[in-house]
Each structure stands twice: as C-alpha cells, then as structure tokens.
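K.L.:
Dumping the structure here so I can ask a few things about it.
The values are calculated or read from the model by the stated rules, or taken from the named source; none is laboratory data. Not measured: the values here are computed from a predicted model. Cβ sites come from the backbone with ideal geometry, for glycine too, and all protein chains shown count toward neighbours. Accessible surface is based on the protein model in full, side chains and every heavy atom, while ligands, DNA and RNA are left aside. Shrake-Rupley method; radii C 1.70, N 1.55, O 1.52, S 1.80 Å.
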Amino acid sequence: LQDVGPRPRTEVLAVRIGGLVRRRFVVSEEQPVLVGRAPEGEGGIVLGQWLNDEARRWISRNHLHLELRVGEVIVTDVSTNGSGIRPGGSMTEAERIPLAPKQSRVLAENDMVELYPGVQIGRAEELPAGASFTPTSVMAEAPTMAMRLPRP
C-alpha cells in the first residue's frame, strides 16, 4: 500500500431551508463546491427543488463558491444578486453583513451564509435540524382550503 501523504482537510457544511437541514456536503482543499439553484458541473449542490418561486428567482444558478484553504472555509459570491453573512448565526437584520457579487470572505466558526431569507449554509454541527425556526402553528406550512357550508 502506497502512502499518499496526509488526508486533505475537510469541512462538513449543511444547507438549511425554512429551518430544516435539507442537505449536508463536504468541502475539502482538493474539492471546492458550487452551491446554487442548479449549479453547472459535477458535485454542485442543487437547491432548486426546495425553493419557492421568489427564492428561485433571487438565487442564481451558480450562487456561492465554497473552498477550504489552510483549514478555513472561504465563501465567494458568484451570483447576480449577492448574499449575506450572518455573524455567529445572528438573525438580527442590523448585524447581517452584505456579501456583494464577486466578493469573498472567510466563514468564521458560527457564521452562516444567507443566499435568501430562510436559505442558509453553515457548518453542519452549528445547524441543528430544528434550529431557531418554530412556526406559530404546525398548520402554518400546510395547504389550506376554505369551505362555505350551505345555510339551512
């Protein structure tokens, strides 16, 4: 068996949409990852199937480029509309840092990238499945129907 040297560093990231982790993926020093509505090429993270119409219009086909350099996750916005960084996972609007198209930033330990409100990417261990999203009612997401009963 040949020794091919140390294993490349990896970081497990997760996509959370509407409060639910929809997908986990690995970024390594050898394998950067494209995330978007329908990214081109192999290994891209496709979000289209979980997005509503408005989010689908906002999020570019190729929206974010994620890479690992010297153990740090580097986020580069490759979209048309830009993204935002949620420092420490804060959902306070005043703390959101805009990430303009073509801009790069190191993703700190608890930071999340927000492609569109409710569509976030962060380190998997920082994004528990049910994190900070509790609809007021279980029925909030259910399809509804109004019925008018005939008068007697």
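Yes or no, residue by residue, for (1) outside any strand (DSSP E or B); (2) closer than 26 Å to GLU30 by Cβ; (3) open to solvent by 10 Å² or more (accessible area, probe 1.4 Å):
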site: ARG56; (1), (2), (3): yes, no, yes
site: SER60; (1), (2), (3): yes, yes, yes
site: VAL73; (1), (2), (3): no, yes, no
site: THR76; (1), (2), (3): no, yes, yes
site: ASN81; (1), (2), (3): yes, no, yes
site: GLY84; (1), (2), (3): no, no, no
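K.L.:
Could you tell me which numbered condition GLY122 fails, if it satisfies all but one of (1) small (Gly, Ala, Ser); (2) touching a helix residue (DSSP H, G or I) at 6+ places or on another chain (Cβ under 8 Å); (3) surrounded by fewer than 18 Cβ atoms within 10 Å (Cβ to Cβ)?
P.N.:
The single condition GLY122 does not satisfy is (3).
K.L.:
Among the residues of region 1-9, is any at pLDDT 95 or above, open to solvent by less than 70 Å² (accessible area, probe 1.4 Å) and touching a strand residue (DSSP E or B) at 6+ places or on another chain (Cβ under 9 Å)? Don't jump to the end; show me each part of the working.
P.N.:
To start, the set of residues in region 1-9 that are at pLDDT 95 or above comprises none.
Within region 1-9, none of the residues are at pLDDT 95 or above, open to solvent by less than 70 Å² (accessible area, probe 1.4 Å) and touching a strand residue (DSSP E or B) at 6+ places or on another chain (Cβ under 9 Å).
K.L.:
Look through region 28-43, keep the residues that are under 14 Å from LEU13 (Cα atoms) and modelled with pLDDT of 95 or more, and return whichever of them is surrounded by the most Cβ atoms within 10 Å (Cβ to Cβ).
P.N.:
Result: VAL35.
K.L.:
Working only within region 86-96, note down all residues that are farther than 16 Å from VAL119 by Cβ and open to solvent by 50 Å² or more (accessible area, probe 1.4 Å).
P.N.:
GLY88, THR92, ALA94, GLU95
K.L.:
Of the residues LEU68, LEU13, only one is part of a strand (DSSP E or B) and farther than 13 Å from ILE121 by Cβ; which?
P.N.:
Numbers: LEU13 fails: farther than 13 Å from ILE121 by Cβ.
So the residue among LEU68, LEU13 that is part of a strand (DSSP E or B) and farther than 13 Å from ILE121 by Cβ is LEU68.
K.L.:
Small (Gly, Ala, Ser) and either in contact with a Cys (Cβ under 7 Å, 6 or more places away or on another chain) or at pLDDT 95 or above (or both): which single residue out of GLY48, GLY89 fits that description? Show your work before the answer.
P.N.:
Working: GLY89 fails: either in contact with a Cys (Cβ under 7 Å, 6 or more places away or on another chain) or at pLDDT 95 or above (or both).
None of the others qualify; the one that does is GLY48.
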